[in-house]
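Student: Structure provided below as structure tokens; questions to follow.
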Amino acid sequence: MILPIQNTLRSRIQEVLAELYDLRPADTPAINIQYPPKRTMGDLGVTVAFELARTLRKAPRAIANEIVESIGPIEGISHVEAAPNGYVNIFLDRVVFTRQILASNNTQAPENTSKAIVEHTAINPNKAAHIGHLRNAALGDTLARVLRFLGNQVEVQNYIDDTGVQVADVIVGFQQLDKATAAQVKHLSEQPRFDYYCWDLYARVTDWYEKDESRLQYRATTLHALECGSNETAQLGKLIAHSIVNCHLATMARLNVDYDLLSWESDILQLHFWSLAFEILKTADAVYLETNGPQKGCWVMPITGSGSSEITTDETNSGNDSAGPKSRTKVIVRSNGTVTYVGKDIAYQFWKFGILNKDFHYEKHDAQISGRDCWSTTSTPTSTSSSLGETVAFGHADAVYNVIDTRQSYLQQLLQQALIAIKHVDEAKRSVHVSYEMVALSHTTARTLGHSDSEDNSKPFVEVSGRKGLGVKADDLIDLLVQAAQKEVVARHSDLTQNSPEAKRISTAIAVAAVRYFMIKYSRGKLIAFDIAEAMSFEGESGPYVQYAIVRANNILRKLEEQQHCSEAAILDEMPTLIDNALTQPSSEIWQLLFEASRLDDIADQAARSLELSVLAKYAFSLAQSFNAFYHRCPVIAETDRAVRLWRAIAVIYCQRQLKQVLHLMGCEAPSRM
């Protein structure tokens, strides 16, 4: 992996700059390391001479020469050159570097003591998960995997809004439209695809409200009952929410997504987290009781800024424009005493950072397919709560990443403002909103999924609406992709049938890679139109393309062992004694592939720092392309020179490992064949 040697290089250059120019650390510019376009120009390029030219009043070339003359030997680096334009070009010791990266099975960074909470998925527990939720889960799960890979302690949380409007509406649907008793709802919840039934019921309730707005009073009454708890309506809401969440977890498990903690909003209310947060806010004068205007009787938070489309007229109030920036207020507690979801989110965010000095009780949830423990909050002590402290502690994060779509950007800013208002400025800086745009469908995919309105070509994509029941259920999409993959796999392999377990395993792996890769390969700020053909392509920029490169590498290594009795272990054991000409010649394609594969940790670091996980997907595709080009230009099995053949095999081994690792970071795996 490349990061350790980059860190060593940075440290040495900083020492050289201090020695040469008496620069204090505060005056030393960042040591930026780039990758020259050709390996013959160097493996790494340092640009610090350009940054220092004005300060030192010297030409970049002169500074570069002075650095090169003073840098001295560095382990793992063959030599250093000053380029005529001022770059400091670094050439790695290829043999030493190759032996190092292949000798260790530990591809993960050393663990550090900082803890990150990644909250993602957070689907309202009122209906089936839809295609948009898959982008959230793919981004959140990939971020968590990348942070762990880089050595961070990571806690993945899934926030369950079981006291909100959406759950209330489904309760109203059962009570007012279906006239169902609690026993009947319980029986229905035990049937397959209860989440699908609630999907349709939610759409019916929405239509029912639109026909007579006075019916919204049922929603208000139900919401109040949910917040109060300990009543029949709250018990019905709990039954519905828990059943739907189990459906959601099953859907996400199909995509290799799992969690450490399920956090229930009802527990936040029952344990009076909001009451504690409210007192903290009042003590800091972060909120006040409005005595005039449309917000009279509400507790509000002053907001300074340009506002947002999220602001609604009953929850905000323009202030005096002459007093500087436009002043607004956000309702935190309504005049009837109920807390808005912003208030509950503030309390939850305070708890994540350990500010409340109060904790949930916990109980173990059902086992996850991955084997990773999943816990659930509860408002009452359990037998496992007392022993929990001996095994794991939740909350108390150093950084919090909330993966929520871009429409919630303003509300995420309110969380930061609340932290600043109570003098927790550092926590506000480490309160990170990982935003993303929505998911639509390509016209072709919309037609495939049965959307008759997809013939409207006024837009290059087809918008969907879960509220109106026109969304694409996540399970339906996964089923469709598995079927498409299975058809292709069976067509390619005569020994497989549609019903064979191996065909199902292969097809499932391909479908998962198709979905997850597609969901992260675009910039988070870009609205994406999901297209089945693009996602499933074995030849385009897709998850299956990366998988195919791994399968191809596996086939090479399998044939080497079968035909020439060269196992992977035997090849690596022989590496120290191999003649290294094939590796050390200036334009060695073996070295180019090994070096490109070694960059994974740097790419993961870039993805984590920028929160742009598309960087990871682009790298996976690029590495797969590099491997496929190597495959065609540098045959392994047919090579007659034994040393060359084994060095090529070594490149295949390492590239295969790194491709597997980058797929794992994206929550995918390579099938046995394709």
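The values are calculated or read from the model by the stated rules, or taken from the named source; none is laboratory data. Because the structure is a prediction, the values reported are computed rather than measured. Reconstructed Cβ throughout: ideal geometry from the backbone, glycine too, with neighbour counts over all protein chains shown. Side chains are part of the model used for accessible areas, which takes the heavy atoms of the whole protein and leaves out ligands, DNA and RNA. Shrake-Rupley method; radii C 1.70, N 1.55, O 1.52, S 1.80 Å.
Student: Among Ser243, Asn126, His187, which residue has its Cα positioned farthest towards the positive end of the charge dipole of the chain, with +1 placed on the Cβ of Lys and Arg, -1 on the Cβ of Asp and Glu, and the dipole taken about the Cα centre?
Tutor: Asn126
Student: Given the C-alpha centroids of segment 606-659 and segment 208-238, what is the distance between them in whole angstrom?
Tutor: 57
Student: Listed highest first by mean packing, meaning other Cβ atoms within 10 Å per residue, what order do 369-376, 549-556, 398-405 come in? Write out the running numbers ahead of the final one.
Tutor: Values: 369-376: 14.9, 549-556: 19.4, 398-405: 21.9.
Per-residue Cβ counts within 10 Å, averaged per peptide and sorted highest first, yield 398-405, 549-556, 369-376.
Student: Quick check: from the Cα gyration tensor, does segment 157-274 come out rounded (a/c under 1.5), prolate or oblate?
Tutor: oblate
Student: About its Cα centre, how strong a charge dipole does the chain have in debye, to the nearest 20, once Lys and Arg get +1 and Asp and Glu get -1 at the Cβ?
Tutor: Once rounded to the nearest 20, the dipole reads 700 debye.
Student: Give me the angle, in degrees from 0 to 90, between the Cα long axis of helix 501-520 and the longest principal axis of the Cα atoms of the chain, rounded to the nearest 10.
Tutor: 80
Student: What is the Cα coordinate range of segment 89-187 on the first, second and third principal axes, sorted by size from largest, in whole angstrom?
Tutor: 75, 28, 28
Student: Follow-up question, since we're still on this one. Along the positive direction of the dipole of the chain (beta-carbon charges: Lys, Arg +1; Asp, Glu -1; about the Cα centre), which of Ser598, Phe538, Asn357 reaches farthest?
Tutor: The residue sitting most towards the positive pole is Phe538.
Student: State, to one decimal in nm, how far the label point of His565 lies from the label point of Ala26, with both points 7 Å from Cα in the Cβ direction.
Tutor: Label-label distance for His565 and Ala26, simple model: 6.9 nm.
Student: Which one, (1) 211; (2) 180; (3) 158, gives volume of the Cα convex hull per residue in Å³ as derived from the coordinates shown?
Tutor: It is the one labelled (1).
Student: Using r as the Cβ-Cβ distance of Tyr196 and Ser500, and R0 as 30 Å, what FRET efficiency do you calculate, to the nearest 0.05?
Tutor: Between Tyr196 and Ser500 the formula returns 0.60.
Student: Rank Leu102, Thr584, Ser435 by how far each Cα sits towards the positive end of the charge dipole of the chain (+1 on Lys, Arg Cβ; -1 on Asp, Glu Cβ) and give me just the farthest.
Tutor: Of the options given, the answer is Thr584.
Student: Sorted by average packing, counted as other Cβ atoms within 10 angstrom per residue and highest first, what order do 585-594, 164-173, 359-368 take?
Tutor: Sorting 585-594, 164-173, 359-368 by mean packing, highest first, produces 164-173, 585-594, 359-368.
Student: Need the list of lysines near Lys127 for cross-linking: C-alpha distance under 23 angstrom, and skip anything on the same chain fewer than eight residues off.
Tutor: Lys179, Lys186, Lys211, Lys238, Lys344, Lys468, Lys473
Student: State, to one decimal in nm, how far the label point of Gln153 lies from the label point of Asn246, with both points 7 Å from Cα in the Cβ direction.
Tutor: Label-label distance for Gln153 and Asn246, simple model: 3.3 nm.
Student: Calculate, for the chain, the solvent-accessible area per residue in square angstrom, rolling a 1.4 angstrom probe over the heavy atoms of the protein chains.
Tutor: 44
Student: Could you calculate the FRET efficiency of Arg642 with Arg99 from 1/(1 + (r/R0)^6), where r is the beta carbon distance between them and R0 is 25 Å, rounded to 0.05?
Tutor: The pair Arg642/Arg99 has a calculated efficiency of 0.85.
Student: Still on this structure: Indicate the gyration tensor shape class of segment 530-592 (rounded, prolate or oblate), computed on the Cα atoms with a ≥ b ≥ c the square roots of the eigenvalues: a/c under 1.5 is rounded; otherwise a/b larger than b/c is prolate and the rest oblate. Walk me through the numbers on the way to the answer.
Tutor: Values: a/c = 4.17, a/b = 1.82, b/c = 2.29.
Note, shape of segment 530-592 comes out oblate.
Student: If you average the C-alpha positions of segment 576-605 and of segment 21-100 separately, how far apart do those two centres end up, in angstrom?
Tutor: Value for the Cα centre distance between the two parts: 20 Å.
Student: Give the residues of segment 159-180 whose amide nitrogen is closer than 18 Å to a point set 7 Å from the Cα of Ser214 in the direction of its Cβ.
Tutor: Within reach of a label on Ser214, which here means backbone N under 18 Å from a point 7 Å along Cα→Cβ, segment 159-180 contributes 176-177.
Student: While we're on this one: Please give the FRET efficiency for Asp602 paired with Arg552, using the beta carbon to beta carbon distance and R0 = 25 Å, rounded to the nearest 0.05.
Tutor: Efficiency for this residue pair is about 0.50.
Student: Hey, what number do you get for the chain at 222 nm if only DSSP H runs of n ≥ 4 count, each worth -39500 (n - 2.57), divided across all residues, to the nearest 500?
Tutor: Taken over the chain, the calculation gives -15500 deg cm²/dmol.
Student: Between Val165 and Asp426, what is 0.36 nm times their sequence separation minus the Cα-Cα distance? Round to one decimal in nm. Mind showing how you got there, number by number?
Tutor: Working: separation 261, 0.36 × 261 = 93.96 nm, distance 3.30 nm.
The span from Val165 to Asp426 would gain 90.7 nm if fully extended.
Student: Another question about this same structure. What distance in nm separates the two pseudo spin-label positions at Thr206 and Glu75, each 7 Å out from Cα along the beta-carbon direction?
Tutor: Roughly 6.1 nm, to one decimal.
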